[in-house]
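The values are calculated or read from the model by the stated rules, or taken from the named source; none is laboratory data. From a predicted model like this one, the values you see are computed outputs, not experimental measurements. For neighbour counting, all protein chains shown are included, and Cβ atoms are generated from backbone atoms with ideal geometry for every residue, glycine included.
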Ligand code: AMP
């Protein structure tokens, strides 16, 4: 046999720190030393951030699956200390490494464990002790680094560490009961914030009273879960799971199959560099191929589902967390496909991912990937804390500045510009299909094929058989299904109106038929209350009958940018009286029959408390009420914005219903 030699160092090591765990991954050495028995050894050093001095890590660090003899090119270290600098040296060894008098060949990785985790609890005091229980209290950690959500108390009978109990408590006191009399117990406590667990405290040892002492246990703590486990079993399960899965959390790479190349050509999608166009997944013979072309496959084990946040047509929408290899865990939304689906439902469900996966823009909901290889089938997207825009605005009526609202609209327009540049027509742009995150960034969502409209409760069947969300749709799209980016601009104008009126329903309770008729006759929605004139003008531009006269999305973005840069341009509001009188053009006065008296009307809208004031100020008939403006209301002492809104909306609604139309263009 030829001589062999120790391997060279492993290469390209990367780390991922998650609270007090570190995941390391590397690629095998360039030179295996001519042998096949390469394995890896991990050396762990804890380093002082000031002095730079390092010491070998203590026995508290656990290595999954193990520290030495690693065959895989990854390892996880858990139970590290929080806020601590560590250096990990990954050494490749083989059967002749022991013979090597030279320097060790390793690659090293420096990490600092999670800064945000709370520091360890440092002082624990014993309270009441009985023969079966020990009460403890402790102080919050010196550096909580956030709000402490709960404490985890781990305890076991001295020298019986293999079998421990964990109690969770929101208080800084607990009572461990069910203990053996006259026995020593070891306690360790750690705190958890939103960033995760801090390190465990040092061990505190206390003893229960001998049998003769009367027992009474203090029940002050709130144990959330009590889990008694055998460490060996857990470790074994974790290690087996790790080994069996034999894979890391991450995206599985698409095969570079020559067949796939052929399919591309077959589908006739020629991708020109720099010109990104949307590809309709329908053009794929095999929809599964489209999904895997545009969406990454995620291992189900990387996803933790936390709670249900909504209902989609195909199943529940949940929030949860995604942990991808080499990345920190982060929150995601997970759409699931309910069990018992048909092949068509699966195709339609994943169709949304095939579309979303083609987009990459800060104002388009970002697809993380799909789970198709296991059940349930899932679509994983970025998580938008504030949910859908219409509900969010209704909940926060009147709470934002005009600039904030325009900022939302700017985001939506920017996302729509991107979509129209890609050649994608949304067809169902509405505030309910926009998601908003905790930074008030709005993102366009709800992509689909035919199902978009099937799915939308707002969509109604037209005489031509299609299903269309009438109130948001341009007349040419309703009349002859001419859906274009220009019809998306019309819908965008409606979204502007929804945003500026904090989620008001466009055309209120008018029937779809009345909306179609009014719009066809040239009537348009009146300006929302307190709306800057420039914005209302932009809405009216979006609602031009001639679709070629409507602004393009890039023009809308530029215009909104200009308004944001020059906020004084937003100061001119649509004149309240002209707003109301616009509605009255050509039409009979309000009050002919809807309500018999002002009192009856105000009672009907639960504003009866103002009846007297109205009467005293000359608004004693419905005809007189029809002239009321916002300024009048303020003058009458109706100062609550919610009440002003209720009264003005009711007036508008009555007028709209009576005139069977809105603002004539
Ligand atoms: P959809 O089927 O897309 O209309 O989703 C149903 C509901 O789930 C939405 O109205 C939202 O309230 C919620 N939802 C969907 N996607 C997300 C997300 N990415 N982040 C937060 N909530 C979401």
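Considering segment 310-334, and only residues there that are surrounded by 16 or more Cβ atoms within 10 Å (Cβ to Cβ) and not in a strand (DSSP E or B), the residue that is nearest to the ligand (Cβ to nearest atom) turns out to be 312.
Restrict the check to segment 142-149 and report whether at least one residue is in a loop (DSSP other than H, G, I, E, B), at positive phi and touching a strand residue (DSSP E or B) at 6+ places or on another chain (Cβ under 7 Å).
Narrowing segment 142-149 to residues in a loop (DSSP other than H, G, I, E, B): 142-149.
From the residues that got through so far, the ones that are at positive phi too are 145-146.
Next, only the ones that are touching a strand residue (DSSP E or B) at 6+ places or on another chain (Cβ under 7 Å) stay: 145-146.
Yes - at least one qualifying residue is present in segment 142-149.
Screening residue 417 on (1) surrounded by fewer than 22 Cβ atoms within 10 Å (Cβ to Cβ); (2) touching a strand residue (DSSP E or B) at 6+ places or on another chain (Cβ under 9 Å); (3) at pLDDT 95 or above shows it passes everything except condition (2).
Please indicate, with yes or no, whether at least one residue in segment 491-504 is part of a helix (DSSP H, G or I) and out of contact with any helix residue (DSSP H, G or I) (no Cβ under 7 Å at 6 or more places or on another chain).
No, the conditions are met nowhere in segment 491-504.
Can you name the residue in segment 425-439 that is within 14 Å of residue 387 (Cβ to Cβ) and in contact (Cβ under 8 Å) with a residue 60 or more places away in the chain and, of all such residues, is nearest to the ligand (Cβ to nearest atom)? Checking each candidate, the answer is 435.
Go through segment 546-576 and report how many residues are touching a residue at least 60 places away in the same chain (Cβ under 8 Å) and within 22 Å of residue 420 (Cα to Cα). First the steps, then the outcome.
Taking segment 546-576 as the starting set, the residues that turn out to be touching a residue at least 60 places away in the same chain (Cβ under 8 Å) are 547-548, 550-554, 556-557, 560-561, 563-564, 567, 570.
From what's left, within 22 Å of residue 420 (Cα to Cα): 547-548, 550-554, 556-557, 560-561.
Final tally of qualifying residues: 11.
Would you check if residue 86 is free of Cβ contacts under 8 Å to residues at least 40 places away in the same chain, under 39 Å from the mean Cα position of the chain (by Cα) and part of a strand (DSSP E or B)?
Working: free of Cβ contacts under 8 Å to residues at least 40 places away in the same chain: no; under 39 Å from the mean Cα position of the chain (by Cα): yes; part of a strand (DSSP E or B): yes.
No, not satisfied.
Residue-level check: of (1) within 29 Å of residue 531 (Cβ to Cβ); (2) surrounded by fewer than 16 Cβ atoms within 10 Å (Cβ to Cβ), residue 622 misses just (2). With respect to the conditions (1) part of a loop (DSSP other than H, G, I, E, B); (2) closer than 30 Å to residue 154 by Cβ; (3) touching a strand residue (DSSP E or B) at 6+ places or on another chain (Cβ under 7 Å), residue 7 lacks only one, and its number is (2). Here residue 369 clears all of (1) touching a helix residue (DSSP H, G or I) at 6+ places or on another chain (Cβ under 6 Å); (2) on the phi > 0 side of the Ramachandran plot; (3) outside any loop (DSSP other than H, G, I, E, B) except the condition numbered (1). Sort out which residues of segment 151-170 are exposed (fewer than 15 other Cβ atoms within 10 Å of the Cβ) and either in contact with a helix residue (DSSP H, G or I) (Cβ under 8 Å, 6 or more places away or on another chain) or closer than 12 Å to residue 191 by Cβ (or both), and write them in order of number. Within segment 151-170, 161, 162, 163, 170 qualify. In segment 469-484 there is no residue matching the filter, namely being at pLDDT 90 or above, more than 26 Å from residue 514 (Cβ to Cβ), crowded, with 21+ Cβ neighbours inside 10 Å and within 14 Å of the ligand (Cβ to nearest atom). Scanning segment 16-26 turns up no residue that is over 25 Å from residue 189 (Cα atoms) and either surrounded by fewer than 18 Cβ atoms within 10 Å (Cβ to Cβ) or in contact with a helix residue (DSSP H, G or I) (Cβ under 9 Å, 6 or more places away or on another chain) (or both). Residue 339 meets each of the listed conditions (1) assigned to a loop (DSSP other than H, G, I, E, B); (2) near the ligand (Cβ under 10 Å from one of its atoms) apart from (2).
Which ones in segment 351-366 are within 12 Å of the ligand (Cβ to nearest atom) and not in a loop (DSSP other than H, G, I, E, B)? Reasoning before the result, please.
First, the residues of segment 351-366 that are within 12 Å of the ligand (Cβ to nearest atom): 352-353, 356, 364-366.
Matches in segment 351-366: 352, 353, 356, 364.
Could you list all residues from segment 124-141 that are under 38 Å from the mean Cα position of the chain (by Cα) and assigned to a loop (DSSP other than H, G, I, E, B)? Listed by number, the residues that qualify are 139, 140, 141.
Pairing each residue of segment 309-333 that is closer than 22 Å to residue 22 by Cβ with any residue that is near the ligand (Cβ under 8 Å from one of its atoms) and part of a strand (DSSP E or B), provided the two are 6+ apart or on different chains, yields C-beta distances under 9 Å for 321/332; 322/332; 330/382; 331/319; 331/382. Taking residues in segment 601-624 that are over 14 Å from residue 644 (Cβ atoms), and partners anywhere that are assigned to a helix (DSSP H, G or I), the pairs with Cβ atoms closer than 6 Å and at least 6 places apart or on different chains are 608/602; 611/599; 611/602; 619/625. Which of the residues belonging to segment 381-399 are over 14 Å from residue 442 (Cα atoms) and more than 9 Å from the ligand (Cβ to nearest atom)? Within segment 381-399, 394, 395, 396, 397, 398, 399 qualify.
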